[in-house]
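First the structure, in the form of structure tokens, and then the observations on it.
The values are calculated or read from the model by the stated rules, or taken from the named source; none is laboratory data. Note that the structure is predicted; figures quoted are calculated from it, not measured. Counting neighbours? That spans all protein chains shown, and the Cβs are built from the backbone with ideal geometry, glycine included. The protein model used for the area step is the full one, side chains on, heavy atoms only, and it has no ligands, DNA or RNA in it. Shrake-Rupley method; radii C 1.70, N 1.55, O 1.52, S 1.80 Å.
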Amino acid sequence: MEALHRFDIDKPLWDQSTFSGRLKHFFWVTDPRTCIVSEETLDDAKQLVEQYRIGKEPPGTTEEQVIYAKKLYESAFHPDTGDKQNVFGRMSFQVPGGMAITGAMLQFYRTAPAVVFWQWVNQSFNALVNYTNRNAKSPTTTTQLGVAYVSATASAMITALGCKAFWQKQASPLLQRYVPFAAVAAANCVNIPLMRQNELLHGIDVYDENENIVAKSRVAAVKGISQVVFSRIVMCAPGMTILPVIMEKLERYPWVQRIQPLHAPFQVMAVGCFLIFMVPVACGLFPQRCSLRTTTLEWLEPEMYHKLKEACAGREVPKYVYFNKGL
């Protein structure tokens, strides 16, 4: 029997220094079909990954089996702890979860109670996703989680209701359809930094090219969180900005007005079509393994740079340090 071709199971299958490589990787790992895989299959995948990592996989294991196990493992288990994630908080659930909630927000934006309810649902979902994909090396207390959740939900509701009240008098019906997007964008700018506030307060681990921890950096945390906020807004932007234009045009036709109960299902499915592409696109905008110049650390965090020099005693200080930006 032909020997199993071995590869580093802890590294992506595609070159992550290019956007196309990252796009392929996230299309693969955010596949929504992995959400309906049984718990037993997920546990078996984790076991095979762990066995392969130490070279003790069962005889006869094929490369296809190992790659599929890697896909299931990376889609369902936390990269820091190895714990199984809540299915509703996984990035692979962003398409089914996001399409249902976003479609509802776009459809039910005309009354204040509907705006409040769906913004609350959306921020509850976002809080779960942010908590599930948090940096486990920077634990967040229950109080901090509560403050992040309440603050993000409040910011979304205030933005949504404020825009609705102002645009209802000043803006066209088309512009009023953008109330949900304005609220979601504002909430992302609050929710994610608050959910990861420990990283901003205490810094995150940064590594040299050999994966050795050499310091902690708050600047790295700011860079990583900023990229995640931007990516999350990009993720929902096409569906929430293009679909209102489509619906505004369609609702002028009498036959579309007669099938109003189907408007919400149509918007849900349309958002799903956008998210199928936008989830991997947004996740792949920036490398997961971010880099930071050590000269930037020397300028903005001299005390951390001093610790970096101490950690590199006897060798040259690297030009770059690296860190995981999170999702």
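Here are some notes:
- Surface per residue (accessible, 1.4 Å probe) for the chain, Å²: 50
- The chain: angle of helix 19-29 to the longest principal axis, Cα-based, in degrees nearest 10: 80
- Taking Cα atoms only, the orientation of helix 179-195 departs from the longest principal axis of the chain by about 30 degrees.
- Relative to the current alpha-carbon distance between residue 121 and residue 18, full extension at 0.36 nm per residue lengthens the span by 33.5 nm.
- Stretched out straight at 0.36 nm per residue, the stretch from residue 257 to residue 230 would grow longer than its current Cα-Cα span by 6.1 nm.
- Sites matching GluC sites (Glu not before Pro) across the range 174-283 that sit in DSSP coil, with at most 15 neighbouring C-beta atoms within 10 Å: 209, 211, 251
- Greater than 18 Å apart at Cα, pairs in 70/325; 164/249; 11/325; 71/325: 70/325; 164/249; 71/325
- Percent of Cα pairs exceeding the 32 Å cut-off, where the set is the chain: 38
- Apportionment of accessible area to carbon and sulfur, the chain, percent (1.4 Å): 63
- Full extension of the chain between residue 38 and residue 161 gives 40.2 nm of extra length, using 0.36 nm per residue less the Cα-Cα distance.
- 12 Å beta-carbon shell around residue 164, net charge (K/R +1, D/E -1): +3
- For the chain, the longest principal axis of the C-alpha atoms and the axis of helix 112-132 are separated by about 10°.
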